[in-house]
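The values are calculated or read from the model by the stated rules, or taken from the named source; none is laboratory data. The shown structure was predicted, so the numbers you read here are calculated from the model rather than taken from an experiment. Heads up: the accessible areas ignore ligands, DNA and RNA and are worked out on the full protein's heavy atoms, side chains in. Shrake-Rupley method; radii C 1.70, N 1.55, O 1.52, S 1.80 Å.
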Amino acid sequence: DVLDMEVKPKSSQLHWYELHMQPCVAELLGTALFIFMGCLAVLEDSGGTGRLQPALAHGLALGITIAVLGDI
C-alpha cells in the first residue's frame, strides 16, 4: 500500500561553511561596519549634536546590516 510507506527524514546536517564560517564572516562584517561608522560619526561631529550623532550612526548601521545581511 502507498499509505504504509515509511518516510525517511532528510539529513539536516549543515555544510561546514554554513556552520562555522558564515557566523564568523557576519560577525567580522558587523564589527567592521560599527567601528567604521562610529569613528566617522565622532570625526564629523558638528559640535551641537553631542551624543545623538554617534547613536544615530550606530542605529542606522545596525538597521542597514540587518536588512542587507539578514539571510546569513
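Hey, what's region 11-70 come to in accessible area per residue, 1.4 Å probe, Å²?
Ligands and nucleic acids excluded, the result is 79 Å² per residue.
Under Stokes-Einstein, with the Kirkwood radius over Cα pairs standing in for Rh, what whole-number D in µm²/s applies to region 11-70 at 10 °C and 1.306 mPa s?
For these conditions, the coefficient is 120 µm²/s.
Compute, for residue 37, the solvent-accessible surface of its heavy atoms (probe 1.4 Å) with the complete set of protein chains present, and express it in square angstrom to the nearest 10.
The value for residue 37 is about 60 Å².
Accessible area of region 11-70 with a 1.4 Å probe: how many percent of it is carbon plus sulfur?
The C+S portion of the solvent-accessible surface of region 11-70 is 71 percent.
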